[in-house]
Each structure stands twice: as C-alpha cells, then as structure tokens.
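Heads up, the thing below is written out as structure tokens.
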Amino acid sequence: MKRSDTAHTDAIDCDAGAIVTKGITKRYGSFTALENVDMIVPRGTIFGLLGPNGAGKTTMIKVLTALIPADAGSACVSGHDVRREPKLVRADIGWVAAEVILDDDLSAMENLWLQAKLQNLSDWKNRALDLLRYFELYDRRNSRVSQFSTGMRKKLEIALALLHQPRVIFMDEPTIGLDPGTRRMLWQLITGINREYGVTILLTSHYIEEADALCSNLAIIDHGRIVATGTPSELKSRVKADIVEIALNYEPDMPTFAHMDGVQEAARTENGMRLKVASSESVLPRILSCLNIDGVLKINVDKPSLETVFIDLTGKRLSDDEGRMDMRKFYATLRMTRR
Amino acid sequence: MRNATLNQFYGLLAREIKKTYRNPWIIAITVVQPFMWLAFFGSSFSSAPKSFLEGFFHTYSYVAFLLPGVLSTSMLTVGMFGSMSTIQDKRFGYMKRILLTPTDKATIFVAKSMGSTTRGMVQLPVMATAAALFGVSFPLNPVLWLGWIAALFFLGLGFSSLFMALTVASTDWQTPGVISNFITMPLMFSSTALFPQANFPAWMRAISAVNPVTFSATFGRTIVLGGSIDWTLLAYLALFAAMMLFIGSVMATKWLKVE
Ligand SMILES: Nc1ncnc2c1ncn2[C@@H]1O[C@H](COP(=O)(O)OP(=O)(O)OP(=O)(O)O)[C@@H](O)[C@H]1O
Ligand SMILES: [Mg+2]
C-alpha cells in the first residue's frame, strides 16, 4: 500500500498548477471516454476545456472532482491527489453544473445554509448575505428556489460554489441556456471572481466567443483526447486559412476543388464539402464557377478565429447558432401549416 | 472531523424534514390515514360478541389491540420514503451536489434513514389521539411512553436502513415499490401486528418469533393493554436497528453512486 502510494505521487508534481493530470484514462465498458489526458491548469487562471458534444468534458470534471474514478493516470487538484485525498479536494473546490442543481423545495438562503453545513463552515452567514447581494438575489433570499428564473438559479448556483471560498471552481457549460445579456453578465462575474479572489476556474464550453472572452488558456478535446492546447491567440495563429463550407444537394467532384489554386485542403462532409482556402475573397469566385449553382443549398465562410481552429481540429462546428436558426424555421413552418 | 460529520448529518436530516413537512399532502395523509385504519379495522369486529373479542384478542377493544400493531406496520414501510428521496436526489442530480462536498456516503445514508424514521414517528401522536377518540385509554407513566417511542423508532430505523440498503445502488423509481411489496407483506402477516400468534400455524409462528415487527407489536401492546413489560424486546429492537444501520452504511459506502 505504502509503496504504491509513493509510486503514485512520484509520477506527478501536484504543485505544478491548480490542476495537474497525467495519463488520465476513463472507460465506460469498452468505450474510452478519456484517453491519456495530460493537463496543467496554472494557478489563478481561467482555463477553458472546449469540445463538441460527447468529447469527454463532463467526464473530465467528474474525474477531477473524484465523483468517478479514473481507470489509469493520476490527477491533483489544489495540491491534493484526487484518488488519495478526495475529501481535501472536495473541501477546496466549487462546482457549477451544466444542469443547475439546487434544492427546489428550499429557499435561496436555505440552500446556502445546507451548503455551509455540508462544508462544515461556522462563519458563513455574512458571506452568504454578501454573495446574495453581489448576485442581486438578496431581496428574494427567502423565496423558494422553484420560483426562480433560469438566470437567478444559475447565479445562486455560483454563489453556492463560492460560499466556502474554494481555490478551484469547476464550471460545466456555465452559460448554456442563458440569453446573451445574462451570458455577458455572467462573463463579468466569472472574470470578477477570478480577479478579486484569485480563484482558478476550469470551465467547459460550447461557445467559442465565451472561451475567447474569458479564458487565458485553452485545451481542445475531441473523442476523449486533448488535440490542442495554448492561449486563444496561439491557437488562432495556428490556422491562417479561411474555411468555406458548402452544402449541396448533389455529389461534388472533389478532385476539381482539391487541386484548385488557393485551396489548401478539401474534405467531403455529410451534405457537401469543406474547403480550407488562403483567402476566401479571391478563391470563392473560382469555386462558384465550378459548382452547379442550382444545387447549392448554403455557403458559409469563416475567417480565422477560434471557431476555424476548432473546425480544423475536430471537423465539427462548435457553436449551436445554426441549430437555433433551424429550430426557428421549423416553428415557422409549423405555424404556417396550422393556418 | 467529528464536528464536520455532525454538521453534515444535521444539515441533511434537517433538509429531509423540511422537505417533508412543506408538502401539505404529506401532512394531510399522515393525519387522515390512521383514522381510516382505525375506522375500517376497528369497525370490522365492532359487532363481534364481547366473549369472542376477549377470547381471541384478550381485550374488549380491537382498536386497543390493533393500535400498536398498525403503528409497527407503518414503521415497516417508512423506509420507502428514504429510498424514494435518495433516488430522487440521484435523478435530479442533487446527490452530486452532496457528494462534491467532504460528506461521507455513510453520513448521507444515516441521515436519510433517520429522516424517514422521523417521518414515520409523527404517526404515533396522531394515531394515539385517534385511538383515544375511539375510546382507548392509555397509561400515564412517561417511562412507558418513552419506551414505546424508542421501540417504534428502533423498528423504523432498522427497516429504513434495510430498505435503503437494498435500494442504495438503484436509480429506478420503481425499485422501492418492488422491494416494499417484497418485504412488507410477509413481515406484516407473519407478525402479531394484526392478529394474535395463537392462531398461526407452527411455521408462521417460527417466523413471527424472530420478526422485529412482532417484538414491537408485543411491546406496544403490553403498554396499551397493560401487563408485565418485557424490556429485552426493546433491547432486541435496538440491536436490530444498530445492525441494519451498520450494514447499510457499509453498503452505501461501497455502492452509493451519483447516477
Ligand atoms: N455513465 C456513462 N456510461 C457510459 N457512457 C458514458 C457515461 N457517461 C458518459 N458517457 C460517454 O462518454 C462520452 C463523453 O461524455 P461527456 O458527458 O463527458 O461529454 P461532454 O464532452 O461533456 O459532452 P456535452 O458537450 O454533450 O456535455 C460520451 O460519448 C458519453 O456517451
Ligand atoms: Mg457535458
């Protein structure tokens, strides 16, 4: 026992950052959700874990908070080995779930009270009231949480995560389902918490602009593997090309496009193709001239951004704006047919 | 560390109790149910001749005979509340929130068991009042009352723990119902909660003799109907509760998962 413990800690330097992992692997049956993940989150930073649905972001948070054991590898959070000292880790972390988790039958204050009991805090009350004021929930502190709006619930959840003054906070898609105004306000809160309290924040996100606005460091995860890490500007500088996505209702002749001047890469996609081009302004006319215009359903051009880095690395688009547009169209057609 | 466990336990138990008594339906049903029991069962023998009641139940009042039995039976089923609220916490994710604090799984388990037992205990004053309205007279000795409260509490705690231990790994809403059918019926009918043992066949008498529901019903009956009180029954019940609590805590530590 003793010997394996030492071997365990030898492999990893807990003090290298607020979160340090080495070789983390997690399997669900024969499916590998995380594969050999090495990660260092420097203290006091906001670190973004970006990835498409099912990439393994939530699984990573579960492993780091000792909710589920990793099958291999080791991890340290806030200086404690996750496997050997889970309680010390949990006393030092806050957690904001993607699906807001509160006790709906209790009031805001009672939710904070319970959190204080579970974290064994004695002088929590003033801090709780301060947090409620900070999050503009003070007037509603005795209302049942079931009467709160999504934004209010999210704020209360973050207040719960801060109550015991943790040094690391995990936020799983903190702004999902919020309107742009509330989302922006949460961004300010998150940077505020980070700056004022020096808390390290690991957040996962689907929103490229969120990662760009908040994070000083990023890791892009796909199929359980880290495919790129760096600061947002480092990552952006990696992809200099524009990305042109064309949806077609016919089978395109790929070699024509692959060998076209100015096209760096051409790939077939589900409903058309994706081209990496040096400059879309100069290449687009040529591309169009080779297309059967009646068969073009949609053309999308992305200038170099985190989004293009992401598409380049994972072959997928991260923001779900398109999905929302389709939904609106869907409802519109529903309404039309009803008339 | 000790202090932390106590705080966590207290917080979780208070949560269970608050949640329960904020639901007006629960309060209404808690109050109405015992009257229904007593009204239906009490009436079913109301026209029986006195000599029959005396010979069969050793009392003229079937209600007086029944009260300790009905209370014991209802403590048998309280474990269902703890199981369902545990499954609800897993389903709605709240279990994750608890487990992401330094709270031990055993503490969660004990708090849930205690919570559902406490919920069952409320039936004692309600039922006793109902029975008094039906004409049952009670002893005034506080020691006897404390003993009765303790017996019911241990019985409830033991069965809640057993119940929760059997469902600790489940996330399915239906499990508590299935387990309840599985354990409640046999234990209820093989005990002396509803009928005296004298009329049982030998094999049922054997089960009845080791059935904690019998201990509790017998103990309660000597208090309500009078007679010499066997305090070792209370000790058995305490032992039963302690054992189940221990086994359940070990099982929860091993198998309580977030989803
Ligand atoms: N309990 C489980 N059992 C089996 N497979 C699981 C389990 N939990 C997650 N997975 C699988 O692991 C993969 C990663 O899941 P995870 O929830 O970590 O993704 P994610 O990156 O958080 O995705 P999203 O953006 O949709 O939240 C998925 O393919 C998922 O199906
Ligand atoms: Mg997720």
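The values are calculated or read from the model by the stated rules, or taken from the named source; none is laboratory data. Given the structure is predicted, the values throughout are model-derived calculations rather than measurements. Cβ: placed from backbone, ideal geometry, glycine included. Neighbour counts: every protein chain shown. Calculation scope for accessible area: heavy atoms of the full protein, side chains included, ligands and nucleic acids excluded. Shrake-Rupley method; radii C 1.70, N 1.55, O 1.52, S 1.80 Å.
Brief remarks follow.
- For the range A:144-189, carbon and sulfur atoms together expose 47% of the accessible surface, with a 1.4 angstrom probe and every protein chain in place.
- Per residue solvent-accessible surface (Å²) - chain A, probe of 1.4 Å: 47 Å²
- Seen against the Cα atoms of chain B and their longest principal axis, helix B:62-77 is set at about 20 degrees.
- Among beta bridges identified by DSSP and lying wholly in the protein assembly as shown, the antiparallel ones come to about 70 percent.
- Centroid-to-centroid separation of the range A:269-309 and the range B:164-194 [C-alpha atoms, Å]: 63 Å
- For chain B, the longest principal axis of the C-alpha atoms and the axis of helix B:212-225 are separated by about 50°.
- Shielding of peptide B:10-21 by partners, expressed as the average count of other chain Cβ atoms within 10 Å per residue Cβ, is 3.
- Accessible area of A:H223 in the full protein assembly, 1.4 Å probe (Å², nearest 10): 130 Å²
- Within 10 Å of each Cβ in A:107-113, the average number of Cβ atoms from other chains: 1
- Residues of the range B:80-108 that bury at least 50 Å² of accessible area once all protein chains are present, compared with their chain alone (1.4 Å probe, heavy atoms only, ligands and nucleic acids left out), are B:Y94, B:K96, B:R97, B:L100, B:T101, B:P102.
- Among the cysteines of chain A, those with no neighbouring cysteine Cβ under 4.7 Å are A:C215, A:C290.
- Across A:F47, A:F31, B:F81, B:F189, the residue with the most accessible area heads the list, and the full order at a 1.4 Å probe is A:F31, B:F189, B:F81, A:F47.
- In this structure the amide hydrogen of A:G230, modeled in the peptide plane, comes within under 5 Å of the amide hydrogens of A:L218, none closer than 5 places in sequence on its chain.
- Dividing the summed -39500 (n - 2.57) terms of all DSSP H runs of n ≥ 4 by the residue count of chain B sets its mean residue ellipticity at 222 nm at -25500 deg cm²/dmol.
- For chain A, the longest principal axis of the Cα atoms and the long axis of helix A:125-134 meet at an angle of about 30 degrees.
- Counted over chain A, the DSSP beta bridges are approximately 70% antiparallel.
- Cα-projected label distance for B:A235 with A:Y134, points at 7 Å along beta-carbon direction, nm: 5.7 nm
- Gaussian network model of chain B, springs between alpha carbon atoms under 10 Å - residue of B:V143, B:V110, B:V70 with greatest fluctuation: B:V143
- The length gained on full extension between A:D71 and A:T191, counted as 0.36 nm times the residue separation minus their Cα-Cα distance, comes to 39.8 nm.
- Solvent exposure, largest accessible area first (probe 1.4 Å, DNA, RNA and ligands not counted), of B:T77, B:T253: B:T253, B:T77
- Of all DSSP beta bridges in the range A:158-307, antiparallel share, percent nearest 5: 80 percent
- The B and A chains share an interface that buries close to 2600 Å² of accessible area, total over both sides, probe 1.4 Å.
- In terms of the mean number of neighbouring beta-carbon atoms within 10 Å, the peptides B:193-202, A:234-243 order highest first as A:234-243, B:193-202.
- Heavy-atom accessible area, 1.4 Å probe, ligands and nucleic acids excluded: residues of the range A:115-136 down by at least 50 Å² from chain alone: A:K117, A:L118, A:N120
- B:F153, B:F246, B:F65, ranked by accessible area, largest first (probe 1.4 Å): B:F246, B:F153, B:F65
- Couplings 3J(HN,Hα) of the range B:6-12, computed from phi: 4, 4, 5, 4, 4, x, 5 Hz, in residue order, whole Hz [Karplus 6.51 cos²θ - 1.76 cosθ + 1.60, θ = phi - 60°; x for Gly and Pro].
- Shielding of A:78-85 by partner chains, average beta-carbon count, 10 Å: 0
- Percent carbon-and-sulfur accessible area, the range B:2-255, ignoring ligands, DNA and RNA, probe 1.4 Å: 72 percent
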